[in-house]
Every structure is written in structure tokens, then in C-alpha cells.
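Structure, as C-alpha cells:
All of the numbers you see were taken from the coordinates with simple rules; none came from a lab. Just so you know, these numbers come straight off a predicted model, no measurement behind them. Glycine also receives a Cβ, built like all others from the backbone with ideal geometry; neighbour counts cover every protein chain displayed.
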Amino acid sequence: MGATLAINNNKDRIQVNLKLSSLTTEEVGPANDLATILQGYTSSTLSAGDAHLAFATDVDRGLHCRPRRLDCKYLYDQRGSELFEAICDLPEYYLTRTETQILTKVAEEIAAETGPLTLVELGAGTSRKTQLLLDAYCAIESQPDYIAVDVSRSALDKGRRMIGETLPTVRFHPLCASYQQAMPIFSETGKTIVVFLGSTIGNFSEQEFNVFFHQVADNLTMGDYVLLGVDLHKNVETLEAAYNDSAGVTQCFTRNLFSRINRELGASIDLNQVEHLACYNEAAHQIEICVRFLESQEIFIEPLNARHRIEAGERINTEISRKFTLDGLASRLAAFGFKTRKVFSDPDNLFALLLLKRQETHLHLE
Ligand code: AVI
């Protein structure tokens, strides 16, 4: 089964999905030369010029919205990715630490449950935590394929160097792309586990969550897996401390988005007058992060020659981080064709890893 995909062509994609849906992943087998497929694939993702214009357009659109908002994916330029890595090491940011503890314990069990396969990680960053998983797959497979997907090329480069040093038998394939751009590759990778760690799913709105799982289900084949990291409900103090750290790294991370707008879009926002706020909305079970402008300022978007006046006291939303309960999640995921095979948590139930298996055929004809 050598499915050749015209990846930007919905009709072709549907045809391939129809073919794949009648097979299990064991029957499909891995693509012969993943590196070659990925090379062709990368050239179809956004060019630098297109990406710059998309950034300008998205910022302009978000500033026209009420309440004003910016897409959190733009937090992760090179500086933002470095700051996020620093956040992961903060004492208040229990998420990474706890997820790492869980992974350390259960990586072998996950590999034993799934057997050898291709790992595709969405939002891989520098692949730090994933090393634990890759290590377990190296024990059951001589040269596991690992596709690291991220919008930050610098993070992917760092990950490639690290994995090259620590796990040289892993075939590391960096893919600088958004999740949506990367998903059609799932049908080219044979038996697959999609790894989505860090509770990044919490940064999606309800609607984005549904679209995401719909697309993941559509692009996977029966018998494929998803490993999902989720942050769980807990007390407000712990949650708010994680997003208002005493060293001020999260404030720098949020402000960096505005400094990126200055750098890349020709604006001249005074960052000292931009305050980071992070509060837990108990009814919505989500941390809400925004900036408050301490004095009125103009945001100029040079590529579009657009101007936005932000008044003193006005807020611009930059991120939500939703928190989950296990019961609610498993039943919601079942609706997309995912059976929860295993749930792993820490003794304090701060965080959980869900191992999901793609079940019945799920055809979606647009
Ligand atoms: C990437 N994501 C899961 C982080 C979170 O916890 O929602 C992003 C973050 N923003 C501020 N601190 C961490």
C-alpha cells in the first residue's frame, strides 16, 4: 500500500482515506522512504513570505475582534520557544515536571501496548520529554521513525541535535509545519502514534478541540494510537501560581508576542506599558491570559498599513489554558472514534496521560 497523496487536494485525500479505512495499520505498513516523502511535503508548507503575511493578517483580524485577541500559536517564535522552555523548568509550573514523572514510569508500558510504530509528535518543541518515550521504543525496535512537528524551526534543530546525541538510532524527521498542515502525513507513516503532550490541547477553544480531534480521527487509520497529555482540575492557588510565576518568565513570554509584533510587523508598542494577567475562570475551568495596556497606544501593522488604537486599561487576550476531568474527556473522545485504552496519572492527580486507540471507521466527506 503506497498511498501517494496530493496533500492539498481534499478530493484525493478523501479517496485515500476511503482506501485506508478498510485496512488496519498492521496491513498498511510503513512508507518506504519517509525522509523523501517528508521532503516533498515540507516544500508544500507556507513560504516565509506567506507566513509573514498570515501573521500580519491574523494580528489585524484579532485586533478587530471584541474582545480583542491574538492567536496563541504566534507566541512560539525563537525567543518565545526559549521562554516556554524556561517556563517548563519553573518551580510553580508543575505540568512539565509531573508529565515527565508519569512518562518515566509508563513509557515502557505504552511501547509494549502499541508495539513498534512511527511516532508523530505535534508541537514537539525540543522533544525533551519525548526522549523517554523514544527510549522505550528503541528497546522494541532497532530504528524507530520519529516525526517532530513544530512551527519553530529553532526548537526542531535543538531537538534533532539532542536526540542525535542521546538516541542515535532514532530516525529523526523534523517537520516545520502547523498541526493541520502535518495531519495528512499520518496516512503515509504506517502504524502510527500521534503524541500530543504538555496539555497543549488545553490551549484550544471548545470548537478548536472538536475540529482538531475530528481531523486527527479522519487522518488516522484503525489501530493507530494517540498519546494525549492533559492538565486536570485542581485548586485555584496552584493553577494561578503556575501562570504568574515569581521570576516573571511567563510575563516575558506573553510580552514577547508584542515584541514580535514590533520586530516583524513594524509596530512600536511600549512593552513596559503592557501588563501580563493570568486568572482562573472557575466556571469555564480555564486559565485566561491577557495583557492590559497601562496607557493608550497605537499598534501599527506595516505590511497592511493598518492601525489599531488601544485605550488605557484595555485588554488583549493571548491564551486560554483549559483544565479537564478524566470522565468527561473519555466520553468526548469516544465520539470521535477514540477508545481510551489506558489512563496514567500521578499520585496527586495533577496531570494525566491518555493512551487512545482509533476504533471504528470514521468517514467524513466534506
Ligand atoms: C503550551 N501550553 C500547554 C502552555 C499552558 O500551560 O497552557 C502554555 C503556557 N502559557 C503560559 N505558560 C504556559
- Message: As an exercise, identify the chymotrypsin sites (Phe, Trp or Tyr not before Pro) in the stretch 100-205 lying in DSSP coil whose Cβ has no more than 13 other Cβ atoms within 10 Å.
- Response: none
- Message: Only bridges whose two residues both fall in the chain count here: according to DSSP, what percent of them are antiparallel, nearest 5?
- Response: 65
- How would you classify the stretch 70-122 from its alpha-carbon gyration tensor, with a ≥ b ≥ c the square roots of the eigenvalues: rounded for a/c under 1.5, else prolate if a/b is greater than b/c, otherwise oblate? oblate
- Report, in whole Å, the centroid distance computed from the Cα atoms of the stretch 163-239 and the stretch 68-122. 10
- Query: Out of residues 5 or more away from Phe324 or on other chains, whose amide H comes under 5 Å of its own, with H placed 1.01 Å from N in the peptide plane?
  - Reply: Asp231, Leu232, His233
- Task: Could you work out how far helix 10-21 tilts from the main Cα principal axis of the chain, as a 0 to 90 degree angle to the nearest 10?
- Result: 40
- Query: What number, in percent, do you get for the relative contact order of the chain if the mean sequence gap of Cα pairs under 8 Å and at least 6 apart is divided by its residue count?
  - Reply: 21
- Task: Return one number: the angle in degrees, 0 to 90 and rounded to the nearest 10, between the long axis of the Cα atoms of helix 206-219 and the longest principal axis of the Cα atoms of the chain.
- Result: 30
